[in-house]
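Shown below is the structure under consideration.
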Amino acid sequence: MLVLIADAFHSSLPDRLRALNVEVTEDQARQAEAEVLLIRSRTQCTREYIDASPALKLIIRGGVGLDNVDRAYAEQKGIAVVSTPEASSIAVAELTMSLMLSAVNQLVVGHNGMAAGRWLKKELHRTELFGKTLGLIGLGRIGSEVAKRATAFGMRVFAFDAYVEESDIAELVDFETLLSSADVISLHTPLTSETRGMVDAECLARCKAGVVIVNTGRAGCVDEAAMASALECGHVRCYATDVWTQDPPPADCPLLHAPNVLMVPHVGASTRENLLRIGEIIVHKIKRHRELERVQEDGWALR
């Protein structure tokens, strides 16, 4: 079995995989030979990529979403597709809180002012998270971890999730209530036909003036032009994001030139601890894949 590591993982992963007695390569020229493909967010597993991988049996995406994999086409070709959603919750939740804290405290503005020799003590307008309402769009693994941390900061936590019926960590509300009530909104939804562009001009107009919006979910859930306009007029106080429609974003991305945008380069899952967790899960999934292959082979031998 040849395992191709196509994207960046923890440096210990190749040796951990070799301990399973499999061949491991990071040579992209061997794509056509690989039975197992390990990716994160950079590699796009399109139909063309899959067609160029005739030996492929398993795709493992180290992370939460699978929107960079044509899953239906892969499974049509008999290729199993899995991810590691259980690994990244803490890393992304901590980044979400970091962005939230930085936004309301204007930490980057203060730092840049100091670096430029400016003392902006009177110009910085900080607010506290304590007593504010956080609106979570999506209450899955990551949203739930954010809710726990926000509660510890003394925030009231609302959540909208069409697929969650009850919760003991957030008050479930309808979408309209969340938009009109939240001082801070944090997005934690996958990119689907339902969520694509859901935060558009109409949605933003229904938010409280001065809202802070944090996105560590999927960039495609936000209409970037509408968000830039809302920032320009001051209706949105700050948009803090770790996610982009492509990595890195194109030069004409409207958010790169809008005011009050706090940007980081898609590092939500990139903590050392999380990369190690992802590696552990990948090793387990490959072990399981080999066990299933042996069972199938034994079954055919008995016929």
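The values are calculated or read from the model by the stated rules, or taken from the named source; none is laboratory data. Please read these numbers as outputs of a predicted model, since none were measured by experiment. Don't worry about glycine lacking a Cβ; one is built from the backbone with ideal geometry, like all the others, and counts go over all protein chains shown.
If you scan the stretch 252-267, which residues turn out to be under 21 Å from the mean Cα position of the chain (by Cα), without any contact (Cβ under 8 Å) to a residue 40 or more places away in the chain, surrounded by 16 or more Cβ atoms within 10 Å (Cβ to Cβ) and outside any strand (DSSP E or B)?
Cys253, Pro254, Leu255
Exactly one condition in (1) in contact with a strand residue (DSSP E or B) (Cβ under 8 Å, 6 or more places away or on another chain); (2) surrounded by fewer than 21 Cβ atoms within 10 Å (Cβ to Cβ); (3) modelled with pLDDT under 95 is false for Glu86; which is it?
Here Glu86 meets the rest and fails (1).
Applying the selection to the stretch 280-303, what residues are farther than 17 Å from Ala80 by Cβ and at pLDDT 95 or above?
Glu280
Check whether at least one residue in the stretch 168-180 is of a type in the set (Gly, Ala, Ser), under 23 Å from the mean Cα position of the chain (by Cα) and within 21 Å of Asp67 (Cβ to Cβ), and report yes or no.
The answer is no, given that none of the residues of the stretch 168-180 is of a type in the set (Gly, Ala, Ser), under 23 Å from the mean Cα position of the chain (by Cα) and within 21 Å of Asp67 (Cβ to Cβ).
I would also like to ask the following. Would you tally the residues in the stretch 146-167 being more than 22 Å from the chain's Cα centre (by Cα) and buried (at least 19 other Cβ atoms within 10 Å of the Cβ)?
The total comes to 1.
Of all residues being exposed (fewer than 14 other Cβ atoms within 10 Å of the Cβ) and not hydrophobic (A, V, I, L, M, F, W, C) in the stretch 233-251, which is nearest to Gln106 (Cα to Cα)? Just the residue, please.
Checking each candidate, the answer is Gly234.
Going residue by residue through the stretch 191-198, is there one that turns out to be touching a Leu at 6+ places or on another chain (Cβ under 9 Å) and among the acidic types (Asp, Glu)?
No - not one qualifying residue is present in the stretch 191-198.
Identify all residues within the stretch 164-218 that are of a type in the set (Gly, Ala, Ser) and modelled with pLDDT of 95 or more; write none if there are none.
Those that are of a type in the set (Gly, Ala, Ser) and modelled with pLDDT of 95 or more: Ser167, Ala170, Ser180, Ser181, Ala182, Ser186, Gly197, Ala201, Ala205, Ala209, Gly210, Gly217.
Would you please name the residue that is farthest from the chain's Cα centre (by Cα), looking only at residues in the stretch 185-194 that are assigned to a loop (DSSP other than H, G, I, E, B) and surrounded by 13 or more Cβ atoms within 10 Å (Cβ to Cβ)?
Only one residue fits best here, namely Thr192.
Something else: Tell me the helices (runs of 4 or more DSSP H) entirely within the stretch 95-184 that contain at least 1 residues that are touching a residue at least 60 places away in the same chain (Cβ under 8 Å).
Ranges flagged: 107-115, 141-152.
For the stretch 212-230, enumerate the residues that are among the aliphatic types (A, V, I, L, M) and surrounded by fewer than 21 Cβ atoms within 10 Å (Cβ to Cβ).
Across the stretch 212-230, the qualifying residues are Ala219, Ala225, Ala226, Ala228.
Which of the following residues is crowded, with 17+ Cβ neighbours inside 10 Å, within 30 Å of Arg206 (Cα to Cα), among the small types (Gly, Ala, Ser) and modelled with pLDDT of 95 or more: Gly135, Gly131, Gly65?
Gly135
Residue under question is Arg218, and the condition is that it be under 20 Å from Arg126 (Cα atoms), among the basic types (Lys, Arg) and in the same structural domain as Ala93 (by TED's automatic domain parsing); does it hold?
no
Still on this structure, I have one more. Any chance you could count how many residues in the stretch 234-248 are closer than 16 Å to Cys221 by Cα and part of a strand (DSSP E or B)?
Adding up the residues that qualify gives 3.
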